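No lab work stands behind these numbers, since they all come straight from the coordinates. If you're wondering where the values come from, they're calculated on a predicted model, not measured in any experiment. Note that we place each Cβ from the backbone using ideal geometry, even for glycine, and neighbour counts take in every protein chain shown.
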């Protein structure tokens, strides 16, 4: 297991305000299993990686890469995969809202660029 996984795992828990017991409940595992993961004393299985990914709402590949099961994902690719992953979990209506916001941001950027060249 990569040494940064326990750090990342613990940071993710902290960002969400979840205790190790809460994470254990969400994954359906023992509190001690979560403690071992957080300390780097246990390498998660593929199944556990998938459960962790689901709980943290990140792609499975991100967790597996952080564990060392997959080659590291380049940052730009990881960002796009996460965006695609999250977008796919939205309803059609929510996807339309996100697309409208993205279009507005791109148009605003284009307008700024046009005004700077004028």
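Figures for the structure shown
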read-out: For the chain, calculated [θ]222 nm from helices alone, where every DSSP H run of n ≥ 4 adds -39500 (n - 2.57); value: -24000 deg cm²/dmol
read-out: Inter-label distance, nm, simple model (7 Å from Cα along the C-beta direction), residue 100/residue 14; value: 3.9
read-out: Mean separation of Cα contacts under 8 Å (6+ apart) over length of the chain, as relative contact order %; value: 19
read-out: Cα gyration tensor, the range 4-67 - rounded (a/c under 1.5), prolate or oblate; value: rounded
read-out: C-alpha long axis of helix 75-88 to longest principal axis of the chain, angle in °; value: 90
read-out: Nearest-ten-degree value, helix 4-16 long axis tilted from longest Cα axis of the chain; value: 70
read-out: Angle in degrees between helix 92-117 and the longest Cα principal axis of the chain, rounded to the nearest 10; value: 50
read-out: Net length gained if the chain between residue 26 and residue 83 were fully extended (0.36 nm per residue, minus Cα distance); value: 18.2 nm
read-out: Value in Å of the Kirkwood radius, where the range 57-118 supplies the Cα pairs that are averaged; value: 14.0
